[in-house]
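Reviewing the structure listed below.
The values are calculated or read from the model by the stated rules, or taken from the named source; none is laboratory data. From a predicted model like this one, the values you see are computed outputs, not experimental measurements. A quick note on method: Cβ atoms are made from the backbone with ideal geometry, for glycine too, and the neighbour counts reach across all protein chains shown.
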Amino acid sequence: MHNTDIAGVVMGTIQLILPHVPESEILGSVHLSDLGADSVDRVEIMSTILQQLGADIPLFEFSKFKNINQMVGFLEKEMKG
């Protein structure tokens with residue numbers, strides 16, 4: 001999958017799970033909790049992203065990211081390998 005496709009899946013999923021957040025606030029430099037996502041929202045976002053990408057990555061891997069850009073970068077690297 002192309003890098004911009006992965007970023008699109010991530011951003012689209014965040015918009016889907018957090019519809020109250022304006023698209024203009026979903027920036028690569030923010031953490032999901034900064035957007036008001038609680039732990040259940042974050043698990044739902046990650047699970048949905050993995051399902052859409054067809055990836056088998058343990059959810060605990062996502063706890064280490066400080067922002068959305070780091071998550072996208074990790075997914076891009078994992079999907080290449």
- Query: Residues Leu32, Leu18, Leu50, Leu27: which one is free of Cβ contacts under 8 Å to residues at least 40 places away in the same chain and more than 21 Å from Glu78 (Cα to Cα)?
  - Reply: Leu18
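Which of the residues spanning segment 54-77 are of a type in the set (Asp, Glu) and surrounded by 15 or more Cβ atoms within 10 Å (Cβ to Cβ)?
The answer is Glu76, and nothing else.
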- Query: Which numbered condition trips up Val72, out of (1) in a loop (DSSP other than H, G, I, E, B); (2) of a type in the set (A, V, I, L, M, F, W, C); (3) modelled with pLDDT of 95 or more?
  - Reply: (1)
- Task: Would you check which residues across segment 1-53 are charged (D, E, K, R), surrounded by 11 or more Cβ atoms within 10 Å (Cβ to Cβ) and within 16 Å of Asn69 (Cα to Cα) and list them?
- Result: Asp5, Glu25, Asp34, Arg42
